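Everything on this sheet refers to the single structure shown next.
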């Protein structure tokens, strides 16, 4: 369950990974519900989840939404969008660009209403959709 509070007229949610209150935007709701799904349903330890961290991509500083680590290496990259944002090819490519730096075996995108996840085989240079 999300912990929501109102601070000076701004609705905020407590992020259990960043351990701080953040503004509750539509995209943040999607991110927080996915974090709860990872922890409560998939039983991913919170210590294996990283949220909103900076990475360098082609000389530019970018910020990914969620990375799940396995054996101290990025395993899954998830790009979260607000529910009103369709999961287009452009959104998928954004997650793919982040993965050029991270090299996770799973990338995914979600807007809360729909999600698309892919497994990447770097040796065979093959990408396959994961049924969700």
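See the values below:
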{"quantity": "The stretch 59-83, residues that are within 17 Å of residue 39 (Cβ to Cβ) and within 9 Å of the chain's Cα centre (by Cα)", "calculated": "65, 66, 67, 68, 76, 78, 80"}
{"quantity": "Residue match in the stretch 112-125 (condition: buried (at least 20 other Cβ atoms within 10 Å of the Cβ) and within 23 Å of residue 21 (Cβ to Cβ))", "calculated": "no"}
{"quantity": "Criterion (modelled with pLDDT under 95 and touching a helix residue (DSSP H, G or I) at 6+ places or on another chain (Cβ under 8 Å)) met by exactly one of 62, 81", "calculated": "62"}
{"quantity": "Of all residues making up the stretch 86-116, the number that are on the phi < 0 side of the Ramachandran plot, part of a loop (DSSP other than H, G, I, E, B) and in contact with a helix residue (DSSP H, G or I) (Cβ under 7 Å, 6 or more places away or on another chain)", "calculated": "1"}
{"quantity": "Single condition residue 72 does not satisfy, out of (1) at pLDDT below 95; (2) at positive phi; (3) in contact with a strand residue (DSSP E or B) (Cβ under 9 Å, 6 or more places away or on another chain)", "calculated": "(3)"}
{"quantity": "Residue match in the stretch 34-54 (condition: outside any strand (DSSP E or B), modelled with pLDDT under 95 and touching a helix residue (DSSP H, G or I) at 6+ places or on another chain (Cβ under 7 Å))", "calculated": "no"}
{"quantity": "Test: residue in the stretch 74-84 that is part of a loop (DSSP other than H, G, I, E, B) and farther than 24 Å from residue 18 by Cα", "calculated": "yes"}
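Conditions (1) under 28 Å from residue 1 (Cβ atoms); (2) without any contact (Cβ under 8 Å) to a residue 12 or more places away in the chain; (3) touching a strand residue (DSSP E or B) at 6+ places or on another chain (Cβ under 8 Å), marked per residue:
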residue: 17; (1), (2), (3): yes, no, yes
residue: 25; (1), (2), (3): yes, no, no
residue: 28; (1), (2), (3): yes, no, yes
residue: 39; (1), (2), (3): yes, no, yes
residue: 56; (1), (2), (3): no, no, yes
residue: 65; (1), (2), (3): yes, no, yes
residue: 76; (1), (2), (3): yes, no, yes
residue: 89; (1), (2), (3): no, yes, no
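The values are calculated or read from the model by the stated rules, or taken from the named source; none is laboratory data. The model shown is predicted, which means the values in this text are computed figures rather than measured ones. All Cβ positions, glycine included, derive from the backbone under ideal geometry; neighbour counts span all protein chains shown.
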